[in-house]
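The values are calculated or read from the model by the stated rules, or taken from the named source; none is laboratory data. It should be emphasised that the depicted structure is a prediction, and the values quoted were computed from it without experimental measurement. In this analysis, Cβ positions are derived from the backbone assuming ideal geometry, glycine residues included, and neighbour counts consider all displayed protein chains.
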Amino acid sequence: MLDIGDIIDLANNIDVFEKGVDCYKSGLVSDVKYNKISETIQATVHGTRDYKVKVFLDDEKYVNSKCECPAYETWGGVCKHIVAVFLFLKNQDKIDIKVKSKRNNTDVFDNILSHYTLFDDMDSAEGKKRINVKYFIDFDKYRKNMVLSVKLGTEQMYVLKDVRGFIKAYKEGKEFEFGKSFTYDPANEYFDRKDAMVMELIGDIVNEIDYIKNYSWTAYHVDFISGKNILLTNNNFIKFIEILDGGSIELKADYLKYKKTDTVRGDIDLVFDIASYGDYIRFAVRDMKNITILTDNYSAILYKDTIYRISDRQRDNLKPVLSQLENKKESLVISREKINSFMSYLYPIISETNKIEIDRELKEKIYSRKCQPKLYLDKDGNGIKAKLKYIYGDYVFDSITGMESEPVKDDMVIRDLKLENKIMSILENSDFKVLNDSYHIKKEKDVYKFVVGGLPELTDKIEVYYSDDFNSISLRDKSSVHINTFMNENMNYFDFGFSIEGISQDEIPDILNTLREKKTYYRLKDGSFLSLEEEVFDTIVEVLQDLELGDDSFSDGLVEISSNNAFYVNGKIEKLNLKHYKRNILFKELIMRIREPEDESYELPEGLNCQLREYQMTGFNWIKNLSSFNFGGILADEMGLGKTVQMLTYIKSELEVDGDRRFLVIVPTSLLYNWYEEVKKFTPGVKAEIIAGAKKLRDEKLENTDADIIITSYATFRNDADIYKGMKVYCCILDEAQHIKNNLSKTSKAVRQVKAVKRFALTGTPIENSLAELWSIFDFIMPGYLHSYSKFRKNFEKPIVKNQDEEKLADLKGRIAPFIMRRMKNDVLKELPDKIEDKITVEMNIEQKKIYLAWLDKIKSELEDEYFTRGFNKSRIKILAGLTRLRQICCDPSLFIENYQGESSKLNLLNELLDELLEAGHRTVIFSQFTSMLSIIKEQLDSREIDYYSLDGSTKAIDRSNMVNEFNDGNKDIFLISLKAGGTGLNLVGADTVIHYDPWWNPAVEEQATDRTHRIGQKNKVHVIKLITRGTIEEKVYELQKIKKKMVEDVLSIEEGMISSMSEDEIRNLFEVEDE
């Protein structure tokens, strides 16, 4: 965790750190944001200007920081703004930042900490002399100029003649000579807290001046610092007074001598006198001659012998008056016709922060009562007519014509003009216009605006009276909306309808059209308004548009909707918290059964040769529920949780109902025999047949088969698609359904042609690279549910992937959730041994590194030419080829360099690891994306007489099955597997160690491969080792895996595509070499 010592160390100066403490304690840090992907913290620190601060991390360790302030470029350590951000992060527990100190001189560091405490003054610094400081201000009242000069010393006071030179030495912690008798030495002297803050302020002024000189285009610059003199702007003078609060300065004003003057941060106790003066009143400030305005904005005022930094509230109240009295030094005389306005407006404002004394004669004439405004509303054709009156006791004022009765005697009625102005502001904002003696609204849109906005606001503040005619201009809200969802008896569709109290169904189409036109209201035939700004109406239109239902879909106010949309519609309506939302029992039953399958209790089929775990029983119930409603579903349990056995249980239960039902199971080639064996093992009595081999043989089998379950591969099915089109299939099941992720592929198109009553998909990774894959699988299990791909891409994929639209993400989750069941091993298999993952970094040897860098330069040069001639998007194949070359060099340069005689550091490390693992009795699976790399590893193992199994894409399905069984039985201790060929469909619980020799772009593929060992049946902890070559493309891939994996957590195992979806900057970064 970042500690105070680290921050001081980074600041490189105790005073900078202290200034940063002041920034933090003053609440000047805001807008703190942390980007986990780029590991960047951004914040704003308010000061003379707002400065942006950036903090750069690497694996949550501090790397660097930047600030926009002028001091950042000139200062050796971090500036006060960065210090303030560090303190904010530390005290808010925003992120655990680790910092490695740049200096090893712990003695110096300890000395700093020994005399410094974060929130204490520094007066107690042991062994040091405190520097006494005197401040002199020369004030020119006519120019409003403030010139500051300073004297300082420990015993004798010395004029600070070279401000710039001293500030530079002060910041750098160096000595500064004032004369033969005194040299400032930070090792022996110190400033108290306030004086140190003034020095920081002067330092800021120096930096600002230098910044303006260096970066301004203006040729002329005011030199604010000349020798000993510092010209203070209004803002800097105010800061100066705020720092000194309670201290004193020497002030020279009006060309007089310097005089000791106190400073106070607070309001002045001024007294104002109001007295009768014939037909006038006289308004004056006592002691006006002792008041001097020091700043243009009236925030600093000299009163007698004290400078006040007054509050903003008193400043705003005094400024209009003092600006008139400042030069004349006399009272204001107010005529009789303006007395009421003065007493009603100015008097209440000034009295808020100042004392006012009124003479007896005038006080007797003042009539002060609470204002009681009354608004009278009437209908005026299709518009509104209004009259507004203000009542003060016995006096009534019409807001247009004025006082309705003559004042008694010489009463001066004090009116609450603030309240009156607020009310008038509401009427004006509602577009009321004066016509004769009343206010009028004519336009319909303005009437609605008033009814929905202005009227409720006025009702909260004043009494409002309505005529009988006006009451017809009512506002209807969502409380008048009724929504009904009634499921039919067959539960294949439901009626959706909505109505509005007191409104004929004939008006509903007009209301819907008005909604589509994005209007904010609908004027009903009875003259009342229906506010269309309520969320309920947006939701209704959204549902109808999304389900592509037009006005012609309605019949008697009802529209039929497919039952698979019940969850989507119900979810949308439930969020509205409507008073009137009715669902019939069948609708509620459907929602409940799919939402909570664990509450269902279907009987297990007889003869099932296994004991289902609790979560598998829930999965079986869920599949049965979906099937009963003719819904499709995706069983997306993590690899190793027994998706196959759950589906086989469902198949057997359905065959018990009707033995003539036929099931078509389409699987990867590698799983053909695995499925066949599992059918025999778990559901004896169920007939299964594999359709594989030559075309003639497959045709014969299909023509003559009486199997309950037909098992075929994706490749074979694609070739036999025409035959399957005419086959009567009760249920089609896709295993490893990501094989149809490309909706344009022949395989994907072919499986959609199957005429099956029910459809299910099994996959541990429903999305590997993009949301399009999710759509493709859904379009198989429930065609049209997520609409066309173009519409899905527009409504979901683009907003979620490109814009990180959280609302669209939540919407998509809500739609797919009922039809996807996904459990993770950590959640349902508490007894499953741990999976431990380690990254081992390997350094390339000198020869290997030379080859890598040479190829890197060559590839970068070729790609730049390629970008220039063909553009970035058309260069992706070339990019991928270049990246593959670099990855091969990391594995072993001999993969593509003929006659390479050097060594591979990674291969050497693998040999060392295998020696240790074999000696310790561990059994290991090694995955690589390159089959040629597996061949090199084979040669190494052969030369060392180590037995192993090897599996790649050329291995026959039956041989795969035999090797896996033998390995799990304890034969041989090493299994070499091609990542693509063996990443799915294998059960390798006989191993307890997994080595990923080279990283692959898609982390889901690696996880699938790992879970060949970490699954049901595993008795030991599984150790996963990833070999990464330092400072190379492999480290970049590893980091990208972590970034892209975030989407998996967001949308059910979803991650953005790698090379195909990476930006140009991301790809260019892959070819950068990390510093040593």
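Of all residues in the range 251-292, those satisfying the criterion of being free of Cβ contacts under 8 Å to residues at least 40 places away in the same chain and either closer than 23 Å to F342 by Cβ or surrounded by 14 or more Cβ atoms within 10 Å (Cβ to Cβ) (or both) are G278, R286, D287, I291. For the structure I just gave you, tell me whether R759 is under 23 Å from K980 (Cα atoms) and either of a type outside the set (A, V, I, L, M) or buried (at least 20 other Cβ atoms within 10 Å of the Cβ) (or both). Considered against the rule, which asks whether it is under 23 Å from K980 (Cα atoms) and either of a type outside the set (A, V, I, L, M) or buried (at least 20 other Cβ atoms within 10 Å of the Cβ) (or both), R759 comes out as no.
When every residue of the range 681-690 is checked against the conditions, at least one turns out to be under 19 Å from G659 (Cα atoms), of a type in the set (S, T, Y), modelled with pLDDT of 90 or more and surrounded by 14 or more Cβ atoms within 10 Å (Cβ to Cβ). When we screen L322, L302 for residues that are assigned to a helix (DSSP H, G or I), under 26 Å from F237 (Cβ atoms), more than 45 Å from the chain's Cα centre (by Cα) and of a type in the set (A, V, I, L, M), the only hit is L322. Considering (1) surrounded by 13 or more Cβ atoms within 10 Å (Cβ to Cβ); (2) in contact with a helix residue (DSSP H, G or I) (Cβ under 8 Å, 6 or more places away or on another chain); (3) not hydrophobic (A, V, I, L, M, F, W, C), the lone condition that D526 does not fulfil carries the number (1).
Restricting F470, F450, F486 to those that are touching an Asp or Glu at 6+ places or on another chain (Cβ under 7 Å), modelled with pLDDT under 90 and among the aromatic types (F, W, Y) reduces the list to F470.
Being in a strand (DSSP E or B) and touching an Asp or Glu at 6+ places or on another chain (Cβ under 8 Å) is the filter; apply it to the range 538-560 and report the residue that is surrounded by the fewest Cβ atoms within 10 Å (Cβ to Cβ).
It comes out as E560.
Could you say which residue among K874, K906, K850 is surrounded by fewer than 16 Cβ atoms within 10 Å (Cβ to Cβ) and at pLDDT 85 or above?
Working: K874 fails: at pLDDT 85 or above; K906 fails: surrounded by fewer than 16 Cβ atoms within 10 Å (Cβ to Cβ).
Criteria check complete, one pass: K850.
Look at the range 954-996 and say how many of its residues are in a loop (DSSP other than H, G, I, E, B) and in contact with a Lys or Arg (Cβ under 7 Å, 6 or more places away or on another chain). Explain how you work it out, then say what you get.
So the first thing to find is which residues in the range 954-996 are in a loop (DSSP other than H, G, I, E, B), and the list is 954-956, 969-973, 983-992.
Remaining after also requiring in contact with a Lys or Arg (Cβ under 7 Å, 6 or more places away or on another chain): 973, 986-992.
Total meeting the criteria: 8.
The sole residue among F272, F283 that is under 30 Å from E361 (Cα atoms), under 56 Å from the mean Cα position of the chain (by Cα) and in a strand (DSSP E or B) is F272.
Look through the range 794-844, keep the residues that are among the acidic types (D, E) and not in a helix (DSSP H, G or I), and return whichever of them is farthest from E1007 (Cα to Cα). Reasoning before the result, please.
Quick first cut of the range 794-844, residues among the acidic types (D, E) only: 797, 805-807, 811, 827, 831, 834, 837-838, 843.
Subset that is not in a helix (DSSP H, G or I): 805, 831, 834, 837-838, 843.
Numbers: D805: 27, E831: 20, D834: 15, E837: 11, D838: 14, E843: 25 Å.
Residue satisfying both the conditions and the ranking: D805.
Please find, among A715, A750, the residue that is surrounded by fewer than 20 Cβ atoms within 10 Å (Cβ to Cβ) and either within 41 Å of the chain's Cα centre (by Cα) or not acidic (D, E) (or both). Quick ask: steps written out before the conclusion?
Numbers: A750 fails: surrounded by fewer than 20 Cβ atoms within 10 Å (Cβ to Cβ).
Sole residue among the options that is surrounded by fewer than 20 Cβ atoms within 10 Å (Cβ to Cβ) and either within 41 Å of the chain's Cα centre (by Cα) or not acidic (D, E) (or both): A715.
A single member of K938, K956, K972 is free of Cβ contacts under 8 Å to residues at least 12 places away in the same chain and either among the charged types (D, E, K, R) or out of contact with any helix residue (DSSP H, G or I) (no Cβ under 6 Å at 6 or more places or on another chain) (or both), and it is K956.
V333 falls short on exactly one of the conditions (1) out of contact with any His (no Cβ under 6 Å at 6 or more places or on another chain); (2) surrounded by 15 or more Cβ atoms within 10 Å (Cβ to Cβ); (3) in contact (Cβ under 8 Å) with a residue 24 or more places away in the chain; (4) not in a loop (DSSP other than H, G, I, E, B), and that condition is (2).
Only one of the numbered conditions (1) surrounded by 16 or more Cβ atoms within 10 Å (Cβ to Cβ); (2) over 17 Å from G203 (Cβ atoms); (3) touching a helix residue (DSSP H, G or I) at 6+ places or on another chain (Cβ under 9 Å) is violated by Y170, and that is (2). No other residue among L626, L547, L648 is modelled with pLDDT of 90 or more and out of contact with any Leu (no Cβ under 9 Å at 6 or more places or on another chain) apart from L626. Taken together, the criteria place L626 among residues that are in contact with a Gly (Cβ under 9 Å, 6 or more places away or on another chain) and under 15 Å from K758 (Cβ atoms).
From (1) at pLDDT 85 or above; (2) surrounded by fewer than 22 Cβ atoms within 10 Å (Cβ to Cβ); (3) in contact with a Phe, Trp or Tyr (Cβ under 8 Å, 6 or more places away or on another chain); (4) among the small types (G, A, S), pick out the condition that doesn't hold for G970. For G970, the exception is condition (3). Which of the residues spanning the range 310-353 are of a type in the set (D, E, K, R) and closer than 30 Å to Y395 by Cα? R336, E337, K338, E352 - these are the residues of the range 310-353 that are of a type in the set (D, E, K, R) and closer than 30 Å to Y395 by Cα. Please work out if S531 is over 20 Å from M821 (Cβ atoms), among the hydroxyl-bearing types (S, T, Y) and in contact (Cβ under 8 Å) with a residue 40 or more places away in the chain. Against the criterion (over 20 Å from M821 (Cβ atoms), among the hydroxyl-bearing types (S, T, Y) and in contact (Cβ under 8 Å) with a residue 40 or more places away in the chain), S531 qualifies.
Return the total of residues in the range 571-627 being assigned to a loop (DSSP other than H, G, I, E, B), among the aliphatic types (A, V, I, L, M) and within 27 Å of I483 (Cα to Cα). Step through it out loud before you land on a result.
Here is the first cut: in the range 571-627, the ones assigned to a loop (DSSP other than H, G, I, E, B) are 575-579, 584, 596, 600-613.
With among the aliphatic types (A, V, I, L, M) added as a condition, the list becomes 576, 578, 604, 608, 612.
If we keep only those that are within 27 Å of I483 (Cα to Cα) too, we end up with 576, 578.
Number satisfying all stated conditions: 2.
How many residues, within the range 505-537, are over 36 Å from the mean Cα position of the chain (by Cα) and not in a loop (DSSP other than H, G, I, E, B)? Give the steps one after another, and end with the answer.
Within the range 505-537, the first condition is being over 36 Å from the mean Cα position of the chain (by Cα), and the residues that meet it are 505-511, 522-529.
Next, only the ones that are not in a loop (DSSP other than H, G, I, E, B) stay: 505-511, 522-523, 529.
Total meeting the criteria: 10.
Contact annotation: residue pairs with Cβ atoms under 9 Å, 6 or more positions apart or on different chains, pairing a residue in the range 904-922 that is free of Cβ contacts under 8 Å to residues at least 12 places away in the same chain and in the same structural domain as I840 (by TED's automatic domain parsing) with a partner that is buried (at least 19 other Cβ atoms within 10 Å of the Cβ) and in a loop (DSSP other than H, G, I, E, B), are G921/D973. Pairs linking a residue in the range 772-797 that is under 20 Å from Q545 (Cβ atoms) to a residue that is modelled with pLDDT of 90 or more and of a type in the set (S, T, Y), with Cβ atoms under 6 Å and 6 or more positions apart or on different chains, are W775/Y789; F778/Y785. Only a single item in (1) out of contact with any helix residue (DSSP H, G or I) (no Cβ under 6 Å at 6 or more places or on another chain); (2) among the aliphatic types (A, V, I, L, M); (3) more than 27 Å from Y676 (Cα to Cα) is not met by M933, and it is number (1).
When the range 36-73 is limited to residues that are of a type in the set (G, A, S) and modelled with pLDDT under 80, the one that is farthest from I202 (Cα to Cα) turns out to be S38.
Output the helices (runs of 4 or more DSSP H) that fall wholly within the range 396-482 and possess 1 or more residues being of a type outside the set (D, E, K, R) and within 18 Å of Q372 (Cβ to Cβ), or say none. I'd like the intermediate steps shown before the answer.
Details: elements: 417-429, 444-449, 455-461.
Here the list reads 417-429, 455-461.
Exactly one residue out of Y345, Y390 is assigned to a strand (DSSP E or B) and aromatic (F, W, Y): that is Y390.
Which of the residues belonging to the range 169-212 are within 44 Å of the chain's Cα centre (by Cα) and free of Cβ contacts under 8 Å to residues at least 12 places away in the same chain? Result: I212, single match.
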